[in-house]
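Read the structure below first, then the notes.
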Amino acid sequence: MQNLNVNSERYTLNMGPQHPSTHGVLRIVADFDGETCVSADPQIGYLHRGMEKLLESRTYVQGMPYTDRLDYLAGVNNNLPYALAVEKLLGVEIPERASLLRMLSCEIMRLASYMVGIGIYIMDLGAVSAVFYPYQQREYALEVMSALCGARMTQGYIRFGGVQADWNEQCDAALQKLLDEFPPFLEMYHKLVDENEIFLHRTKGVGVVTAEQAKAYGLTGANLRASGVSYDLRRDAPYCLYDRFKFKVPVQQAGDCHARYVQRMEECEVIYQLIKDIYAALKETEGGEIMGKVPKVLRVPAGEAYAQTENPKGIMGCMVASDGKTNPLRVHFRRPSFDNIAIYSELMPGHKMADLVTIIASFDIVLGEIDA
Amino acid sequence: MALKTNVRFPQRGGMPEGDPNNSHDLLTQEELEKRGILLTSLDKLFRWGTGWSLWPLQFGLACCAIEMICTTQSRFDMSRFGYEVFRNSPRQADVMIVAGTITEKMRPAVELLYHQMPEPKWVIAMGSCAISGGPFVDSYSVVAGADKVVPVDVYVPGCPPRPEALIDGMLQLKAKLLHPERQQVVRDVK
Amino acid sequence: MEFVNNIFVNIADLCRALFVWLLNLLGLPVGLAEVAMVAVYWLGIVIVCVFCALFYVIWERKLAGYIQRRPGPNRLGPNGWFHTVGDAIKLVMKEDIVPDGADKNVHLLAALLAFVPPMLALAAMPFGEGMTALDLELGVVYIMAVTTLASLPVLCAGYASNNKFAMMGAMRVVNQAISYEVPQALCILSVIMVAGTFNLNQIIDWQTGNIWLVCLQPVAFVVYLITALAECNRAPFDLPEGESELTAGVFTEYSGMRYALFYLAEYCNMFVAAGLATTLFLGGFTGPFLPGWVWFLLKTFVIMSFFIWVRWSFPRIRADHVLTFCWKVLVPLMLANVLVTGVVVYLLA
Amino acid sequence: MLNNVEIAGKQQVAAEFAARFADKIELIENTDSEYMVQAEVLLPAAEYLLSAGYEFLADITAVDYLAEGKFRLIYQVGNYQNGDLITLKVEISREEPQVNSLCAVWKAANWLEREVYDMFGIEFAGHPDLRRILMWDGFEGWPLRKDFVHQPTKYQGRRRLD
């Protein structure tokens, strides 16, 4: 940032808890010198509902709906780490059809979450219409989930030992509509956004995160893969039955806001293909049972267990410590967006005011998850 | 001569036929004046205008905010009623939709926003967190309901409420505006 | 057909005759009729301003709905056309908040001045044959001068609001409005060189004689539309009111009637830009069957719809790209255009 | 499916830990990658892990064992190459909860340690700016401790947004 030895007075600007493009109640106290940001200090906690303390006073099954409210853009993906950690302690064996149903619902909600991430990203750059088309695809995905487990967003579909409901023909119809509508949408969206000059100028070379920086700050998910580190938990440390499916893990090298957009668009194709494969595998296990042998009143043997899953926002981990009673002694969630925004104070200085908005939008963060 | 308005209002407003609010006995002019509500034609014109152009404040807190965005999207279009103009600055907003959990840290911000809005303003508490703290009511950092912070006009239950429920909440607010005499205005900020 | 064509001209003559008869009755000098006519013209322009603002606000929301695959406002009035009336009534009656740290008079003055530049500009705009309120010899220069005033109230609003976001918006409006004046002047210059006069009606006569100027000056037309967007702070250039960065930008501290004035003045500025574009490039009010002023309204409607379409499909340009795009791309391009036009006009004339 | 790279990683770390910190770090029974670490050896162990290719600090959390009167800090350290995960557990007493910070080793530790400090009151020596991250400034007490008593009426102040 060349100093133009213009002794302009610095001022502190509050991108406050209520701001159109902070994706919720993130507050960034930034010092500005004219249009250029000099220092930025993200302040969180405005949505801290004390989730981990509440889970300690609820039984395991009562605690499951709380996990939906962490990353509320992909409700069912949050249930998985909590379920896997407790199942690790219980040592219960999950039937194959239940695992496939878990993976299918997680991939569908991952697609829905990516649609919001991309749509809101382009809207924050100023093209308001660009959020309506991905949201339509998200409505199709939510249609499948409400047919499968009753709720649009906060499903609470995964239970300890299996899943809540079996696949029915209403889901077939809804999923078929999603599978038909998605490819033409993706092709149209590439044409709408990829070659847009203004979009390229606004995102290329903005908010560059090098691979070392990404690893040092513990970035995960699409933000990490956009900086050149190919690390996807579903391939490197597979959980459920992910080792049975082959899928490509796209990687970008640039690490700037544009790379994060391209990364998410390529991953949409991978998710689409994965949904098709899992759906086919699910068809074969027709009539399998969907719930393992888990007692009605869940008493988890004493011990500590940690399970990680690949969520749309990054790697979500859940550490459960139990002392043999019906409710957990301690539940802690490793929340991907919490680590993803820790990099803002080092990334934002030197950028313009409009770039701050681009960086926040390109990281696709969710405040419910950050503040837990 | 106070005309007792017991003639049933035509159902043009958003009030469905079997709505419990209809069962109230309609208040006559003097009863309204006793309550301090002076009904003039200019006021009726203003209420008609505001009813059809409630500009919500862009202010989402948690999961309900995502459903609020879904309400403005193509499928459940809130713009049919003219409510899609989400204003970012509280100065130009009429309705504050409290969509999500109010925490102690966010409480001063919510009050500040409410006091920054110009006078004829209303509040819709969307979702059980805004109504009464919802699933997080016994947490150490959650305010049990938006009416501890701001006077609330319409409560939209659900966790999160479906977009149609939010649209119905806006229509209830419009009905409350267009027919003030029908509503029992109860405002208690503890 | 003839009657419909200059219906407004007849109304104006009727008023003049009425004033003359009235003045004779009172025994005053007949010259005062012209002064009274100015009030009638001004009233006509205010009506045009108000109706175009009210119509285009709801037309934008419906067109945006169409672009975004949703129905758009369709409840109030026949198929939703009265929604803006509801908005206007509400905005008129809302409380007017002036922040305590704000500069009160400038805060109010900025809102009042917002409507002045478009009304001044519309005075010289030829709506139809003989329907120009102020038929100036230097019509184009006058309109250019007045449209530069349009950015002044926005600057005052930003400065007076005592709000950091508003101040940032004000700085942006200054550098954007001033830098985009230069390419706009150059592309109008190339039109003048071809048409040979500054008088708007003579430009239209020239175009009816020859072909429309948009065919001779396609580059100037495109650049004019871009600069018009920048002048009215619209679409890719809506940095002063950048929703996603500066909350409501310059208008953060404006509520009620003051905000309504800005909100409607923006559409009047667009109407002036669209009117000038039709007059200079699309042959003004000339057209085969329909009366003159209908053609003018149709052409401005098409250009206004283009402005609205652009707004809902392009992201916002960053503050420094706005300047580099203007000085490094538009100005050289327009200088070359003026050069080429000069050479061609010299060779042909 | 533990490919050979992964096994080598864990065994190499097990061997190294056994060699350098024989008495201070011991493997927890029937697990292959969870270690109980003494507080004073935490920093060198972390530096070694970083050099051995474990660059991903996934998570820092604490569990409050009120009965035994101690906190158990749990560090999850991952490896970007082979998806491997090593867990370090450190036990510190509840009276003076003090452990040295790993900000020098992984930058991700900065915010994670601030959250543990905010929730448990565990001091991290050497942390650049240890202050509350989730709770509001006027809040006293450490919420996630078992002996935390929640007084709802305590915070009634109508503070302006500072």
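Of the residues making up the stretch C:185-239, those that are assigned to a helix (DSSP H, G or I), over 16 Å from the mean Cα position of the chain (by Cα) and polar (S, T, N, Q) number 5. Residues of the stretch C:245-270 that are within 14 Å of chain B (Cβ to nearest Cβ), of a type in the set (Gly, Ala, Ser) and surrounded by 24 or more Cβ atoms within 10 Å (Cβ to Cβ): C:Ala248, C:Gly249, C:Ser255. Filtering A:Ala321, A:Ala307 for residues that are free of Cβ contacts under 8 Å to residues at least 40 places away in the same chain and not in a helix (DSSP H, G or I) leaves a single hit, A:Ala321.
Please specify each residue of the stretch C:14-37 satisfying the condition of being surrounded by 13 or more Cβ atoms within 10 Å (Cβ to Cβ) and under 30 Å from C:Gly287 (Cβ atoms).
Taking the stretch C:14-37 as the starting set, the residues that turn out to be surrounded by 13 or more Cβ atoms within 10 Å (Cβ to Cβ) are C:15-16, C:18-20, C:22-23, C:32-33, C:36-37.
C:Cys15, C:Arg16, C:Met37 - these are the residues of the stretch C:14-37 that are surrounded by 13 or more Cβ atoms within 10 Å (Cβ to Cβ) and under 30 Å from C:Gly287 (Cβ atoms).
The number of residues in the stretch A:72-91 that are more than 10 Å from chain B (Cβ to nearest Cβ), within 24 Å of B:Gly158 (Cα to Cα) and not in a helix (DSSP H, G or I) comes to 1.
Give D:Ser51, D:Ser33 a once-over and let me know the one that is within 14 Å of another protein chain (Cβ to nearest Cβ), surrounded by fewer than 16 Cβ atoms within 10 Å (Cβ to Cβ) and not aliphatic (A, V, I, L, M). Lay out the reasoning, then the answer.
Values: D:Ser33 fails: surrounded by fewer than 16 Cβ atoms within 10 Å (Cβ to Cβ).
None of the others qualify; the one that does is D:Ser51.
The condition (being more than 10 Å from every other protein chain (Cβ to nearest Cβ) and either of a type in the set (A, V, I, L, M) or outside any loop (DSSP other than H, G, I, E, B) (or both)) is satisfied by just one residue among D:Val105, D:Val63, D:Val99: D:Val99. Residues in the stretch A:246-264 that are in a helix (DSSP H, G or I) and either in contact with a helix residue (DSSP H, G or I) (Cβ under 7 Å, 6 or more places away or on another chain) or of a type in the set (Phe, Trp, Tyr) (or both): A:Cys257, A:His258, A:Arg260, A:Tyr261, A:Gln263, A:Arg264. Considering the stretch A:171-228 alone, what residues qualify as being hydrophobic (A, V, I, L, M, F, W, C), away from chain D (no Cβ under 14 Å), out of contact with any His (no Cβ under 7 Å at 6 or more places or on another chain) and not in a helix (DSSP H, G or I)? Across the stretch A:171-228, the qualifying residues are A:Val208, A:Ala226.
Looking at D:Glu34, is it modelled with pLDDT of 85 or more and either within 30 Å of A:Leu241 (Cα to Cα) or among the hydrophobic types (A, V, I, L, M, F, W, C) (or both)? Spell out the reasoning first.
Details: modelled with pLDDT of 85 or more: yes; either within 30 Å of A:Leu241 (Cα to Cα) or among the hydrophobic types (A, V, I, L, M, F, W, C) (or both): yes.
Taking the combined requirement at face value, the residue satisfies it.
Taking into account only those residues within the stretch A:37-67 that are within 8 Å of chain B (Cβ to nearest Cβ), assigned to a helix (DSSP H, G or I) and not aliphatic (A, V, I, L, M), which is nearest to D:Asn110 (Cα to Cα)? Top of the filtered list is A:Lys53.
Of all residues in the stretch A:308-344, those satisfying the criterion of being over 16 Å from the mean Cα position of the chain (by Cα) and within 26 Å of D:Asp32 (Cα to Cα) are A:Met319, A:Val320, A:Ala321, A:Ser322, A:Asp323, A:Gly324, A:Pro328, A:Leu329, A:Arg330, A:Val331, A:His332. Facing another protein chain (nearest Cβ under 8 Å) and among the basic types (Lys, Arg): is that true of D:Lys70 in this structure? Criteria not met by D:Lys70. Every test in (1) aliphatic (A, V, I, L, M); (2) under 19 Å from A:Asn196 (Cα atoms); (3) facing another protein chain (nearest Cβ under 8 Å) is passed by C:Leu323 save one, and that test is (3).
If we scan the stretch B:40-47, do we find a residue that is within 7 Å of another protein chain (Cβ to nearest Cβ) and of a type in the set (A, V, I, L, M, F, W, C)?
First pass over the stretch B:40-47, keeping only residues within 7 Å of another protein chain (Cβ to nearest Cβ): B:45-46.
From what is left, the residues that are of a type in the set (A, V, I, L, M, F, W, C) are B:45-46.
The answer is yes, given that some residue of the stretch B:40-47 is within 7 Å of another protein chain (Cβ to nearest Cβ) and of a type in the set (A, V, I, L, M, F, W, C).
Looking at A:Lys276, A:Lys296, A:Lys313 in this structure, which one is more than 27 Å from A:Leu70 (Cα to Cα), out of contact with any Phe, Trp or Tyr (no Cβ under 7 Å at 6 or more places or on another chain) and not β-branched (Val, Ile, Thr)? Steps first, answer last, please.
Numbers: A:Lys296 fails: more than 27 Å from A:Leu70 (Cα to Cα); A:Lys313 fails: more than 27 Å from A:Leu70 (Cα to Cα).
The conditions single out A:Lys276.
With respect to the conditions (1) over 17 Å from B:Leu57 (Cβ atoms); (2) touching a Pro at 6+ places or on another chain (Cβ under 7 Å), B:Lys148 lacks only one, and its number is (2).
Name the one entry in C:Val57, C:Val30, C:Val46 that is not in a helix (DSSP H, G or I) and not hydroxyl-bearing (Ser, Thr, Tyr).
Working: C:Val57 fails: not in a helix (DSSP H, G or I); C:Val46 fails: not in a helix (DSSP H, G or I).
C:Val30 is the lone residue from the list that is not in a helix (DSSP H, G or I) and not hydroxyl-bearing (Ser, Thr, Tyr).
Scan the stretch A:24-36 for residues that are among the small types (Gly, Ala, Ser), under 24 Å from D:Arg132 (Cα atoms) and either at the interface with another protein chain (Cβ under 9 Å from one of its Cβ atoms) or without any contact (Cβ under 8 Å) to a residue 24 or more places away in the chain (or both) and the total you get is 1. Determine if the stretch C:214-224 includes at least one residue that is closer than 24 Å to C:Ala150 by Cβ and in contact with a Pro (Cβ under 9 Å, 6 or more places away or on another chain). Yes: one or more hits. Restricting C:Arg75, C:Arg16, C:Arg69 to those that are modelled with pLDDT of 90 or more, of a type in the set (Lys, Arg) and either part of a loop (DSSP other than H, G, I, E, B) or over 29 Å from C:Trp312 (Cβ atoms) (or both) reduces the list to C:Arg69. In the set B:Glu84, B:Glu67, only one residue is closer than 29 Å to A:Tyr133 by Cβ, in contact with a helix residue (DSSP H, G or I) (Cβ under 8 Å, 6 or more places away or on another chain) and part of a loop (DSSP other than H, G, I, E, B); that residue is B:Glu84.
Restricting attention to the stretch B:93-121, the residues being within 17 Å of the chain's Cα centre (by Cα), assigned to a helix (DSSP H, G or I) and more than 14 Å from chain C (Cβ to nearest Cβ) number 2.
Here are some residues: D:Glu91, D:Glu16, D:Glu6. Which one is out of contact with any strand residue (DSSP E or B) (no Cβ under 9 Å at 6 or more places or on another chain), farther than 21 Å from A:Gln308 by Cβ and either surrounded by 15 or more Cβ atoms within 10 Å (Cβ to Cβ) or modelled with pLDDT of 90 or more (or both)?
On the way: D:Glu91 fails: out of contact with any strand residue (DSSP E or B) (no Cβ under 9 Å at 6 or more places or on another chain); D:Glu6 fails: farther than 21 Å from A:Gln308 by Cβ.
Unique residue meeting the criteria: D:Glu16.
Could you list, in sequence order, all residues of the stretch C:140-158 that are of a type in the set (Gly, Ala, Ser) and over 15 Å from the mean Cα position of the chain (by Cα)?
So the first thing to find is which residues in the stretch C:140-158 are of a type in the set (Gly, Ala, Ser), and the list is C:145, C:150-151, C:157-158.
Those that are of a type in the set (Gly, Ala, Ser) and over 15 Å from the mean Cα position of the chain (by Cα): C:Ala157, C:Gly158.
Among the residues of the stretch B:146-190, how many are of a type in the set (Lys, Arg), modelled with pLDDT of 90 or more and more than 19 Å from B:Trp52 (Cβ to Cβ)? Walk me through it before giving the result.
Residues of the stretch B:146-190 that are of a type in the set (Lys, Arg), as a first pass: B:148, B:162, B:174, B:176, B:182, B:187, B:190.
Cutting the leftovers down to modelled with pLDDT of 90 or more gives us B:162, B:174.
This time we only want the ones that are more than 19 Å from B:Trp52 (Cβ to Cβ), so: B:162.
Residues flagged as of a type in the set (Lys, Arg), modelled with pLDDT of 90 or more and more than 19 Å from B:Trp52 (Cβ to Cβ) within the stretch B:146-190 amount to 1.
Only a single item in (1) more than 11 Å from chain A (Cβ to nearest Cβ); (2) under 18 Å from A:Glu52 (Cα atoms); (3) at pLDDT 90 or above is not met by D:Asp147, and it is number (3). Being hydroxyl-bearing (Ser, Thr, Tyr) and surrounded by 24 or more Cβ atoms within 10 Å (Cβ to Cβ) is the filter here, so list the residues in the stretch A:297-329 that pass it. Matches in the stretch A:297-329: A:Thr309, A:Ser322.
The values are calculated or read from the model by the stated rules, or taken from the named source; none is laboratory data. Since we're looking at a predicted model, the values are computed, not measured. Because the Cβ atoms are built from the backbone with ideal geometry, glycine has one as well, and the counts that use them run over all protein chains shown.
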